[in-house]
1. At 0.36 nm per residue, minus the direct Cα-Cα distance, what do residue 229 and residue 270 gain on full extension? Give it in nm, one decimal, please.
2. I need the semi-axes of the equivalent ellipsoid of the chain: take the C-alpha gyration tensor, multiply each eigenvalue by 5, square-root it, list largest first in whole angstrom.
3. Note the angle between two axes, namely the Cα long axis of helix 21-41 and the longest principal axis of the Cα atoms of the chain, as a number of degrees from 0 to 90, rounded to the nearest 10.
4. Kindly identify the range 102-243 as rounded, prolate or oblate by the Cα gyration tensor criterion: order the square roots of the eigenvalues as a ≥ b ≥ c, call it rounded if a/c is under 1.5, otherwise compare a/b with b/c, prolate if a/b is larger, else oblate.
5. Describe numerically, in nm with one decimal, the distance between label points set 7 Å from Cα along Cα→Cβ at residue 249 and at residue 262.
6. Output needed: percent of Cα pairs per 10 Å distance bin for the range 12-74, bins running from 0 to the one holding the longest distance.
7. I need to check one value: relative contact order of the range 230-318, counting alpha carbon pairs closer than 8 Å and at least 6 residues apart, in percent.
8. Nearest 10 degrees, 0 to 90: what angle lies between the long axis of helix 98-108 and the longest principal axis of the chain (Cα atoms)?
Ligand code: HEM
């Protein structure tokens, strides 16, 4: 969640075919053993996150559902394709080399899991800003990452990203995080036909180096109070809607860690490419959902289409040394 994102990733959403609570516990033990071996070898990192559907009647888990974990709702403009939405369990595998991420993903799809959808991603110009925040260039040619909270700031991560023990949540969720995936297709040809100044007005940052319009540095802190009418950064610019940078909206901040993807043509013959938007937050309603509602009618909307993804809850990390395994606090045994 907080480690610098390697250049490649696989998102693998699965349904659980195991039928009893014991079988589910055995499944988590198998996944844990393999993920643990991968971490020990240092070839990739694995996170496992559960979807709302795991808390239906099958395993008697309804009473332990993270409070805000619901199936991802449809937002204005979404065109969901059921084949690319939701899942009982989401595995995210990240590695520097795409083959390594793919091999680990294959290995983690153990008996008891049925693949539902899967998407490979990459981060172009993957790097780190001078202040530690990761950055990459998306398929619209813009740098992403500068507006993120600093993942190295632990008190801030406890406030924005991790479920802490003072939240009104089931005990097992402490140390976990809500993970949102949005599969977003880009209308790249339409975008590329726009002159650069128009593109920059859509995001509110300079294309070349990510500097906020009217400012001097990519990582500069600024506020919008001196530009109330949006003459410098338009009122419908992506960064302005996403984070108005006011005291009242400070707790809506989210940690983004997305990956670009490219995979052949869509059903109309255009390249199917875009962004696997990924973000983490302590409370999905206060974080992602609030931000997404603010983005309705933003200038970027006409160039993108969200067709998949889901809401998930990342299982808290565990220590194998203590005989613990991923998911044990949830399923017991
Ligand atoms: C539709 C595809 C999207 C693209 C191409 C995109 C691209 C960008 C870019 C280029 C930036 C500026 C650099 C940065 O701060 O990282 C940015 C910032 C941001 N985006 Fe997006 N984004 C997309 C979707 C989303 C979605 C779905 C959300 C959340 C609902 C979101 C939330 C944010 C936030 C919170 C910021 C930081 C703004 C700031 O602090 O100034 N983005 N995005």
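No lab work stands behind these numbers, since they all come straight from the coordinates. None of the values given here were measured: they were computed from a predicted structure. Heads up, the Cβs are rebuilt from the backbone with ideal geometry, glycines too, and the neighbour counts pull from every protein chain shown.
1. 11.0 nm
2. Ellipsoid semi-axes (Å, largest first): 34, 22, 19.
3. Tilt relative to the chain: about 60 degrees.
4. Taking the square roots of the gyration eigenvalues as a ≥ b ≥ c, the range 102-243 is oblate.
5. About 3.3 nm separates the two model spin labels.
6. 18, 44, 30, 9
7. In percent, rounded to a whole number, it is 31.
8. Tilt of helix 98-108: around 30 degrees.
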